[in-house]
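The values are calculated or read from the model by the stated rules, or taken from the named source; none is laboratory data. Quick caveat: nothing in here was measured; it's all calculated off a predicted structure. All Cβ positions, even for glycine, are placed from backbone atoms using ideal geometry, and neighbour counts span all protein chains on display. Surface accessibility is based on the protein's heavy atoms, side chains included, excluding ligands, DNA and RNA. Shrake-Rupley method; radii C 1.70, N 1.55, O 1.52, S 1.80 Å.
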Amino acid sequence: MKTKKSIRFYTCLSILFCIIYIFIAVKPLGTEYQFTPEWKIDVTSPNIKEQKDDSSLIYFKLGQTMGYFTEDGDVTNFVTYPFKSSISDYFYTSYAANNKSAKFYTPDGTLVGAIDTIGFPMIDKNKIFVFLPGGNSFAYCNPDGTKKWDYSGYSPITAFDSSEVGCVVGFADGNLTEFDNDGNIIQSFEPGGSDYSVILGTAIANSGKYIASISGQNKQRFVIAQKKNNQTKIIFHKFIDSTHIHQELVAFTENDEYVFYNTKDYLGVTNLETLKNYQIKLKGHAISLRETEDCVFVLTKDKNTYTVYAIETPATLLGTFTFDANTAFIQTKNNQLYVGKDSTISKITITKK
């Protein structure tokens, strides 16, 4: 009789334990991402299709070719050039080694004007800059290509970035200078902390609230600076143990929530609200960063081997894929990733479940 009671007791206890375990241990399933290939096109012999809505176009540059295509894979403009070029969602131009003037066009090929300043043009979104002969000065142009203002420093320019509110320039002597769109200097400072203070990479947040940079050798340093009450304050810094002399990628996310920076061994990520820092191991040197609605994609290069990293912010690595190519790029729009490889472009749709 005692045996039956014992069995009944332990059976009830086991059932009760299972019920409690289910309620305590159960966890919601994590977010899953599905990457679906959509199409692949060859841009060497494109079937050009007219597209009047420039806002829906995606630009590309592969080797000595550039142009625009749609989300459906239709090439709307295809241009070859012999030396150098610059392209954005708004304009494109090409120029020679001894460039004195460069015509620039809208995505549909309509001539806008001529960049009449001697030097190498750089188009960033709807802004036109020209890096002037000598390497220590640059100009900012009006929408028609004429020079609006320029600036000459004493040291070579080694890093540059712009946003809607202005631009930031890094120099070989370790100086960082921020300008507004009228050419006024907002702040100028040296991150310091190294034996050799050259600025290797810099970025300005879309809001203009932050500037970030990688600078120096022995030791190399990553810095985030913020201007408050007319004073520049370094709000975060980190010494980097393994360094090399390359121009380094530094990029803020569109919402100014995170800043990414490349080092020899890893991709760093800093949350701008908490200033918590993360690291993601990378193979190769990061050359491009693009965002979709849910992910950040980073393209790295190691000789002729390219790797694409898919990252859920701040630092969850979702996956990677690698390919060999002579030239490559990544672009994003909405929740689509576009990968260029030599003469082809592929579309991948990202779905969150």
Review point. Largest first, how would Arg290, Arg221 line up by accessible area (1.4 Å probe)?
Key: Arg290, Arg221
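Using a 1.4 Å probe on the protein chains only, how many percent of the accessible area of region 218-290 belongs to carbon and sulfur?
Working: 1610 of 3840 Å².
Whole-percent figure for carbon plus sulfur exposure: 42.
Beyond 30 Å between alpha-carbons counts as too far, so tell me which of Lys103/Lys228; Lys147/Lys303; Lys147/Lys227; Lys238/Lys353; Lys219/Lys276 fall in that bin.
Numbers: Lys103/Lys228 41 Å; Lys147/Lys303 38 Å; Lys147/Lys227 28 Å; Lys238/Lys353 36 Å; Lys219/Lys276 21 Å.
Cα-Cα > 30 Å for Lys103/Lys228; Lys147/Lys303; Lys238/Lys353; rest within.
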Practice item. Using only the alpha carbon atoms of region 275-324, find the Kirkwood hydrodynamic radius as the inverse mean reciprocal pair distance, in angstroms to one decimal. Key: 11.3
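Compute the convex hull volume of the Cα atoms of region 221-353, divide it by the residue count, and report the result per residue in Å³ as a whole number. It would help to have the intermediate numbers written out before the result.
Numbers: hull volume 16.8 nm³, N = 133.
Per-residue hull volume (Cα only) is 126 Å³.
What per residue convex hull volume, in Å³, do the alpha-carbon atoms of region 148-230 yield?
Values: hull volume 6.9 nm³, N = 83.
Here the figure is 83 Å³ per residue.
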Review point. GNM, the chain, Cα, under 10 Å: largest mean-square fluctuation among Phe252, Phe323, Phe60?
Key: Phe323
Check your understanding: Long-range amide H contacts for Asp89: which residues qualify at under 5 Å (H placed 1.01 Å from N, peptide plane, sequence gap of 5 or more or a different chain)?
Key -> Lys125
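At 1.4 Å probe size, with the rest of the protein present, what percent of the exposed accessible area of region 93-186 is carbon and sulfur atoms?
51
Cα-Cα pairs above 20 Å in region 283-353: how many percent?
Numbers: 552 of 2485 pairs.
In whole percent, the long-distance tail amounts to 22.
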Exercise for review: Using a 1.4 angstrom probe, figure out how much accessible area the chain has per residue, in square angstrom, rounded to the nearest whole.
Suggested key: 52
Revision key, fill the gap. Scalar couplings 3J(HN,Hα) for region 286-295 by Karplus 6.51 cos²θ - 1.76 cosθ + 1.60 (θ = phi - 60°), nearest whole Hz, x for Gly and Pro, are 5, 10, 7, 9, 9, 10, 10, 5, 10, 10
Point to revise | GNM flexibility winner over the chain from Lys228, Lys84, Lys283 (Cα, springs under 10 Å) | key: Lys228
Exercise for review: Compute the projected area of the convex hull of the Cα atoms of the chain, averaged over all viewing directions, and report it in nm² to one decimal place.
Suggested key: 24.6
Check your understanding: With every protein chain in place, what's the accessible area of Thr349 (1.4 Å probe, Å², nearest 10)?
Key -> 30
Check your understanding: Each label point is 7 Å from the Cα along the Cα-to-Cβ direction; what then is the distance between the points at Phe323 and Ser101, in nm?
Key -> 4.1
Practice item. Determine the order of Glu164, Glu38, Glu32, Glu248 by accessible area, beginning with the largest, at a probe radius of 1.4 Å. Key: Glu164, Glu32, Glu38, Glu248
Check your understanding: Any idea how far the Cα center of region 252-286 sits from the one of region 41-83, in Å?
Key -> 31
Check your understanding: Using the eigenvalues of the Cα gyration tensor, what equivalent ellipsoid semi-axes result for region 150-192 when each is taken as the square root of five times the eigenvalue, whole Å, largest first?
Key -> 17, 11, 9
Revision key, fill the gap. Cα gyration tensor of region 234-279 diagonalised, 5x eigenvalues square-rooted, in angstrom largest first, produces semi-axes 19, 12, 9
Exercise for review: Restrict the search to region 255-318; then list the GluC sites (Glu not before Pro) that DSSP places in a loop and that have at most 15 other Cβ atoms within 10 Å of their Cβ.
Suggested key: Glu257, Glu273, Glu293
Exercise for review: Estimate the FRET efficiency between Thr36 and Glu293 by the formula 1/(1 + (r/R0)^6), using the beta-carbon distance for r and 22 Å for R0, to the nearest 0.05.
Suggested key: 0.90
Point to revise | Tilt relative to the chain, helix 2-25 - C-alpha long axis, 0 to 90 degrees, to 10 | key: 10
Review point. Counting pairs of Cα atoms in region 220-296, how many percent are more than 15 Å apart?
Key: 58
Exercise for review: For region 31-76, just list the percent of Cα-Cα distances falling in each 5 Å bin from zero outward, please.
Suggested key: 5, 18, 28, 19, 14, 8, 5, 2, 0
